[in-house]
Amino acid sequence: MEITGEYQIDSGRQAVWQALNDAEMLQQCIPGCESLEKVSETEFNALVVAAIGPVRARFKTKLSLKDLKPPESYRLVGESKGGVAGFGRGSASVFLEEKDGGTLLRYEADFKVGGKLAQVGSRLVLGATRKMADEFFGAFSKALDPAAVRIGDDGQSAGLPGSWYAIGTAIVVLLVWWFLLR
């Protein structure tokens, strides 16, 4: 499943890059994140509570930062395990471009799920994952710039998503992070 998005942030690219590599900032922005520990300069461990449809679990997540090109881009690769709930694996590439006096943050994420998560149905999982990615990047962008906007498919400002219920977080972390979020 592929997920993409763009946010225009009124902060310099270096400041956005530093925030993307700040464990405390990431933990605040990842919905359901109970802990995020920086193991090394390129590795994180996280504990995330997530629910997708009827499946709710705590996911132990391992994240690695790859292909670092400061302050332009990186790729986040991760794996989450939620016991009987299932697992998620994925990666997310984040690109930062100087634009309109600020920074355009663009992400492309891809992930796979297994176990009970896969049984929930791919449409539900994809929808929840998209919402979680938007929730993470929306919160991240707003933390840096309260006036940050999500760019819609037509290239126009789409605003930031409202308050979503905490779903699919572990997968976002994978892509981010997972998605979620690199």
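No lab work stands behind these numbers, since they all come straight from the coordinates. The model shown is predicted, which means the values in this text are computed figures rather than measured ones. A quick note on method: Cβ atoms are made from the backbone with ideal geometry, for glycine too, and the neighbour counts reach across all protein chains shown.
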Subject >> Long-range neighbours under 8 Å by Cβ, at least six apart or interchain, first residue under 13 Å from L104 (Cα atoms) within region 131-151, second hydroxyl-bearing (S, T, Y) and part of a loop (DSSP other than H, G, I, E, B) >> reply: L144/S11; D145/S11
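So that you can scan it fast, the table gives a plain yes or no per residue for (1) closer than 20 Å to G82 by Cβ; (2) surrounded by 14 or more Cβ atoms within 10 Å (Cβ to Cβ):
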{"site": "S11", "(1), (2)": "no, yes"}
{"site": "L20", "(1), (2)": "no, yes"}
{"site": "G32", "(1), (2)": "yes, yes"}
{"site": "E41", "(1), (2)": "no, no"}
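Quick check on region 5-45: of everything there that is of a type in the set (G, A, S) and not in a loop (DSSP other than H, G, I, E, B), which residue is nearest to the chain's Cα centre (by Cα)?
Only one residue fits best here, namely G5.
Tally time: how many residues in region 27-38 are touching a strand residue (DSSP E or B) at 6+ places or on another chain (Cβ under 6 Å) and at negative phi?
Looking only at that region, the number is 7.
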**OP:** Name every residue in region 80-106 that is within 17 Å of T4 (Cα to Cα) and aromatic (F, W, Y), in order of residue number.
**Re:** F95
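Taking into account only those residues within region 68-116 that are part of a helix (DSSP H, G or I) and of a type in the set (A, V, I, L, M), which is surrounded by the most Cβ atoms within 10 Å (Cβ to Cβ)?
Per the stated criteria, the residue is A85.
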Original post:
Which members of region 46-77 meet the condition of being under 15 Å from the mean Cα position of the chain (by Cα) and among the aliphatic types (A, V, I, L, M)?
Top reply: A46, L47, V48, V49, A50, L63, L65, L76, V77
